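Some notes on the structure that comes next.
Rule-based calculations on the coordinates, nothing more; no lab input. Predicted model only: the values in this text are computed from it and were never measured. Positions of Cβ are generated from backbone atoms using ideal geometry, with glycine treated the same way; all protein chains shown enter the neighbour counts.
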Amino acid sequence: MIRGKRVRLRAVEPGDLEQLLVWRNLPEFRRYFREHRELSSAHQQQWYVDKVVNDPSTRMLSIIKDDTGELMGACGLCYIDWINRNADFSIYIGYDHLYIDDVYAVDAGIQLLKYGFGELALHRIWSEIYDFDEAKKIFFSRLGFTLDGRHRQTHWAEGAWHDSLFYGLLDREFSQDRIEAGGSKI
């Protein structure tokens, strides 16, 4: 278990899957996900077995509210490239329909980065988001990520083409103290 100031990160348990699926299928969240179709419980179970349990290139974690023990969402490092020491950063907070906020998501994000750079000895953590995802633009900026690049018109959503934005953070650039000094409310 990884403990932050407001959240804990722990292994995704089978008992988390039903609630995670409900949040994952919210239309207001799905629009931000690469896999944007509505998922069934069979899809969720297959993801759990294939990716969470059996895939060495995936580290998914449940986000737990520290003071109440309630499930809040999920985060993880996916597509881990063990040779080149990099991984894709994934996160959402379903609790109270927050999606991404400046308290719980930032705390979970800091802990996930500490885990990735510390325990997993990754060199680079990256993420792909769509240009209309304003919450994650602010989130990644707050965590110290750099906008590495843009792939033009990669995603069709809501009747228009949108760009994919790629954010990255190197191990030497990560500083929890710098993030917290930057005004985070955690």
key: Hits among lysines - C-alpha to C-alpha of Lys5 under 25 Å, sequence gap 8 or more where chains match   = Lys65, Lys114, Lys136, Lys137, Lys185
ask   = Of the residues Ile138, Ile110, Ile93, which exhibits the maximal mean-square fluctuation in a Gaussian network model of the chain defined by a 10 Å Cα contact cut-off?
value = Ile138
key: Net charge, Trp82 excluded, C-beta distance under 13 Å - Lys, Arg +1, Asp, Glu -1   = +1
note = The simple spin-label model distance between Asp102 and Lys114, using points 7 Å out along Cα→Cβ, in nm, is 2.2 nm
task = Consider the candidate values (1) 16.8; (2) 18.4; (3) 17.9; state which one is Kirkwood radius over Cα pairs in Å computed from the structure displayed.
result = (1)
query = Among Val52, Val22, Val106, which one shows the biggest mean-square fluctuation in a GNM of the chain, springs joining Cα atoms closer than 10 Å?
reply = Val22
task = Can you grab the distance from the C-alpha centre of region 108-175 to the C-alpha centre of region 38-53, Å, no decimals?
result = 24 Å
key: Distance (nanometres) between label positions extended 7 Å along Cα→Cβ at Glu173 and Tyr79   = 1.7 nm
